Amino acid sequence: MQHRAHLDQSVELIGMLLLGPENGPSLLNAIRPPGLPVVDDWECLKSMVVVFETQCGSLTQYGMKHMRAFANICNNRVSRTAMEEACTSACSSHTILDQWNPTIRGYSA
């Protein structure tokens, strides 16, 4: 349960850092119109997931619910560098236990 709370809080904070406190939450959860793919750049999505997991720990099955947020980060043209900085800020005080370490568990993307 503690890891789930960490994932939820980290994604929320990253959204605010990248997209602003007023627009971040709505942009992270935005649903695209019918007929459009979830994400424009699939490589970006994979990259953002790896950046997040490296800094914040494995998404796990529970964290898959945040894929839309990562897709929307890409759709808003956030750079990998900006994502790395936001993840570092959001997760720097969190110790990744071996059970949540993506180098042991494997990356989700």
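The values are calculated or read from the model by the stated rules, or taken from the named source; none is laboratory data. Computed from a predicted model, the values in this text were never measured in an experiment. Here Cβ is always computed from backbone atoms with ideal geometry, including for glycine, and neighbour counts include all displayed protein chains. These accessible areas exclude ligands, DNA and RNA; they are computed on the full protein's heavy atoms, side chains included. Shrake-Rupley method; radii C 1.70, N 1.55, O 1.52, S 1.80 Å.
Report whether or not G20 is over 12 Å from A90 (Cβ atoms) and either at pLDDT below 90 or not charged (D, E, K, R) (or both). For G20, the condition - over 12 Å from A90 (Cβ atoms) and either at pLDDT below 90 or not charged (D, E, K, R) (or both) - is met. Being at pLDDT 90 or above and open to solvent by less than 70 Å² (accessible area, probe 1.4 Å) is a property that I31 lacks.
Residues are listed down the side, and each one gets a yes or a no for (1) open to solvent by 40 Å² or more (accessible area, probe 1.4 Å); (2) in contact with a Ser or Thr (Cβ under 9 Å, 6 or more places away or on another chain); (3) modelled with pLDDT of 85 or more:
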| position | (1), (2), (3) |
| --- | --- |
| M16 | yes, no, yes |
| F52 | no, yes, yes |
| L59 | no, yes, yes |
| Y62 | yes, no, yes |
| I73 | no, no, yes |
| V78 | no, no, yes |
| A109 | yes, yes, no |
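Yes or no: the range 2-12 includes at least one residue that is outside any helix (DSSP H, G or I), without any contact (Cβ under 8 Å) to a residue 24 or more places away in the chain and more than 14 Å from the chain's Cα centre (by Cα). Checking the range 2-12: not a single residue is outside any helix (DSSP H, G or I), without any contact (Cβ under 8 Å) to a residue 24 or more places away in the chain and more than 14 Å from the chain's Cα centre (by Cα).
Residue check: is S93 modelled with pLDDT under 90 and open to solvent by 70 Å² or more (accessible area, probe 1.4 Å)? Spell out how you get there, then give the answer.
Values: modelled with pLDDT under 90: yes; open to solvent by 70 Å² or more (accessible area, probe 1.4 Å): yes.
Here the answer is yes, as S93 does meet what is asked.
Among the residues making up the range 38-50, a single one is open to solvent by less than 10 Å² (accessible area, probe 1.4 Å) and over 9 Å from the mean Cα position of the chain (by Cα): V39. Would you mind telling me which numbered condition in (1) of a type outside the set (G, A, S); (2) under 15 Å from C91 (Cβ atoms); (3) touching a residue at least 40 places away in the same chain (Cβ under 8 Å) V51 fails? If we test V51 against (1) of a type outside the set (G, A, S); (2) under 15 Å from C91 (Cβ atoms); (3) touching a residue at least 40 places away in the same chain (Cβ under 8 Å), just (3) comes out false.
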